[in-house]
Amino acid sequence: MTQLTPQAARLAVSLARQAPVVGARQPVATAVGPTAPAAAHVAAGTAHAAPVHPAADAHHGLAVVLFALVVVVTLGITLWVGRRGQAAEDFYAGGRDFGPLQNGIALSGDYLSAASFLGVTGLIALYGYDGVVYSIGFLVAWLVVLMWVAELVRNTGRYTLADVLATRMRQRPVRAAAGSASVVVTLLYLIAQMVGAGSLVALLLGTTGAAAKTWTIVAVGALMIIYVTVGGMRATTWIQIVKALMLMTGAVLMTVLVLVRFHGDLADLMNSAAHGSGAGARFLEPGLKYGASTTSRIDFVSLGLALVLGTAGLPHILSRFYTVPTARAARRSTMWAIGLVGCFYLMTIVLGLGAAALVGSKAVKAANSAGNTAVPLLALDLGGGEGSTGGTFFFAVTSAIAFATILAVVAGLTLASSVSFAHDLYAQAFRRADRPPVTERQEVVVARLAAVVIGGLAIVLSLFAQRLNVAFLVSLAFAVAASANLPTLIYNLFWRRFTTRGACWATYGGLVPALVLVLFSPVVSGSKTAMFPGVDFHWFPLENPGLISIPLGFLMGWIGTVSGEERADPDKFAELEVRSLTGAGAV
């Protein structure tokens, strides 16, 4: 069926009229990333529709109850865990006493944001084969993490990426560079999540207007600060575990219902999806989204490169490897995460095809041009649709899962950025050599204060960004991670000649071009879905800078190393090599 039920149609109109739904992994006007776009432009046919609240007029109370339940459970976990240990190791790494399965679930929770649940499904519903490629790219990224990062980072670091570099480099410059890049990545990621949170929650509670979104953003920011300052990594990990289990349960339930609707016949599902898409057989073939021009094909390569390589440089992912006691446990954690992430993205394929078949790609796009409403529209249909109690309940549950996902992700991001600031910047880079070293207790105090400041900054910036297309912040976060963090990390672990100068050049040489290229790309100006659609100062044709900035990061690291007079210490590299491969001397 390609037509919406009356209730689903009302929801589609309301979603299009009000605000974006979380889910930023989209190819529309930006690169993909695990977060929310702002104010996607709606189809012209909905421009003059009367605003109607989603999920039927009288059923917002159910969403309120479920959202409150999520908040109560997560706050309870935080307060319970927060009483256990106040040392730096507890706050930064959760005491390193999580098992591989627990940490693997938490890793998948960190990675599978609401964008994965809503955004990727929407991409598949709109673009078929081209959307499925996104799922594959996100999964392949974890193979890079498994092979290059997990065990080696766990053996050579203590709390942050800068710890890995400082093993063989001069402390102050590398910590300043790596710490700054980590804060930039997490803050950009965080702002996008916060804007998406405000839009999603205000919409699902049936409210409209800037005031409702503002107070929602403030409330989510306040919760985020409480999670981090009270519970630290231990509480954040447990929240991630609960959230990941909720997300997987919701995805499994919806997948089963879709398969039951088509009697387990995948061929029938695919054919119905192709018919519902309006594109026919092209829906199941490559090129529906990225085959229009040479530029779009190159842009897809650039986007995929950033996503596949960026995951291995995301600070909140890297910090997870320090919550387990050994490198072997870190590797097993990654394997559990790969299994969970792989299963999840297989389910998104079924959900995306189901949305195209049961709701119709045209209706999904009319509700939100990025396809972010595919999951709630599908939930309405699977629950009974047309004003049914089942449809409303299923819609509310799906929304509550997305809300729990947002809370967990913003907590992990805030913790990662506050730890980078306290441990790398405050305690090392900004500390004068003639002053006494910072104690671990002082570091934890500063980290808590940094969480408050960073959370407040994210709230303020999110309030200003409510009406802007902030999806580019997510693509930028991945591009910066892949351009600045990954080259430095790879060179440090595997290149004997790599120096402090090379590390700084690699970090800044990837960070600055990524920022500049996005600033002058169609994401910011020159297109209808740009951040500033009324002006055009773009000269860079691609929406994602990864194809340029990632090689630049590696190139600048090499130039900085070979052009300087500094020589790497062979003994320190030998020590790093032994420690990274064997775990001897690991903290």
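The values are calculated or read from the model by the stated rules, or taken from the named source; none is laboratory data. This structure is a prediction, so every number in the text was calculated from the model and none was measured. Because the Cβ atoms are built from the backbone with ideal geometry, glycine has one as well, and the counts that use them run over all protein chains shown. What goes into the accessible areas is simple: the full protein's heavy atoms, side chains included, and nothing from ligands, DNA or RNA. Shrake-Rupley method; radii C 1.70, N 1.55, O 1.52, S 1.80 Å.
Summary of values
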{"quantity": "Heavy atoms of CYS343 accessible to a 1.4 Å probe, total area in Å² rounded to 10", "calculated": "70"}
{"quantity": "Sulfur and carbon atoms: percent of accessible area, segment 319-361 [1.4 Å]", "calculated": "73"}
{"quantity": "Unsatisfied cross-links (Cα-Cα over 23 Å) in the set LYS289/LYS362; LYS289/LYS528; LYS213/LYS289", "calculated": "LYS213/LYS289"}
{"quantity": "Accessible-area composition of segment 211-313, carbon plus sulfur, in percent [1.4 Å probe]", "calculated": "70"}
{"quantity": "Alpha-carbon centroid distance for the pair segment 269-346 / segment 157-189, whole angstrom", "calculated": "26"}
{"quantity": "Per-pair calculated FRET efficiency, R0 = 45 Å: VAL252 and ARG497 via Cβ, rounded to 0.05", "calculated": "0.35"}
{"quantity": "Using θ = phi - 60° and Karplus 6.51 cos²θ - 1.76 cosθ + 1.60, couplings along segment 251-266 (whole Hz; Gly, Pro as x)", "calculated": "5, 4, 4, 5, 5, 4, 5, 5, 5, 5, 4, 9, 6, x, 8, 5"}
{"quantity": "With DNA, RNA and ligands ignored, accessible area of TYR129 (1.4 Å probe; Å², nearest 10)", "calculated": "100"}
{"quantity": "Cα-projected label distance for MET335 with VAL453, points at 7 Å along beta-carbon direction, nm", "calculated": "4.3"}
{"quantity": "Nonlocal amide H pairs with VAL524, under 5 Å, H built at 1.01 Å", "calculated": "MET531"}
{"quantity": "Gyration tensor (alpha-carbon) shape descriptor, segment 401-518, a/c threshold 1.5", "calculated": "oblate"}
{"quantity": "Mean accessible surface per residue for segment 192-345, computed with a 1.4 Å probe while every protein chain stays in place, in Å²", "calculated": "36"}
{"quantity": "Surface accessible to a 1.4 Å probe, ARG168 within the full protein complex, Å²", "calculated": "20"}
{"quantity": "Two-decimal ratio, segment 431-587, of alpha-carbon radius of gyration to 2.2 N^0.38 Å", "calculated": "1.33"}
{"quantity": "Residues VAL260 and TRP80, FRET efficiency given R0 of 45 Å [Cβ-Cβ distance, rounded to 0.05]", "calculated": "0.70"}
{"quantity": "Positive dipole terminus of segment 225-291, leading residue within GLY280, ILE226, ALA267 (C-beta point charges)", "calculated": "ILE226"}
{"quantity": "Calculated FRET efficiency for the pair ALA433/VAL516, C-beta based, R₀ 45 Å, to 0.05", "calculated": "0.85"}
{"quantity": "Pair TYR129, LEU143: separation of 7 Å Cα→Cβ label points (nm)", "calculated": "2.0"}
